[in-house]
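Presented below is the structure to which this report refers.
The values are calculated or read from the model by the stated rules, or taken from the named source; none is laboratory data. Predicted model, so just to flag it, every value in this text is computed and none were measured. Here the Cβ is made from the backbone with ideal geometry for all residues, glycine too, and neighbour counts use every protein chain on show.
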Amino acid sequence: MYILFCGLWKIFSESEITGGTMLVVAFIGLVADITQIAIFYPARCYHSKNMKGAFWHTLSDASLSAIVVISALFIYFFDFYKADVIALFLFFPLIFWFGGVNLLRESISLVDEK
């Protein structure tokens, strides 16, 4: 929710960010996320909700980092400063739904079984 609040605030503010700095930081985050996925993926076990949750969390971070890299490219090359906000509102619900909500459903059904 905090991410969505910050996105709304940014729509109405006149803050400009440097596309180059954003690109470098997002790319470093993407490399770190891909490294974590490489570590978690072989160990991913659907019998462990904790490992599955860690994997989905890292996968959603990597997806958002990739989106930020693309947004940073738009900011850097076209001075389109609202690109990251638009990307946030387009992709955040999908990542939240497929990652968080599905895992929450499975966890609740596991509690219901016992």
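Within segment 70-85, the set of residues being modelled with pLDDT under 85 and over 19 Å from residue 29 (Cβ atoms) comprises 81, 82.
Of all the listed residues (43, 54), the sole one being at pLDDT below 85 and surrounded by fewer than 12 Cβ atoms within 10 Å (Cβ to Cβ) is 43. Against the numbered list (1) part of a helix (DSSP H, G or I); (2) surrounded by fewer than 16 Cβ atoms within 10 Å (Cβ to Cβ); (3) modelled with pLDDT of 75 or more; (4) not hydroxyl-bearing (Ser, Thr, Tyr), residue 3 comes up short only at (3).
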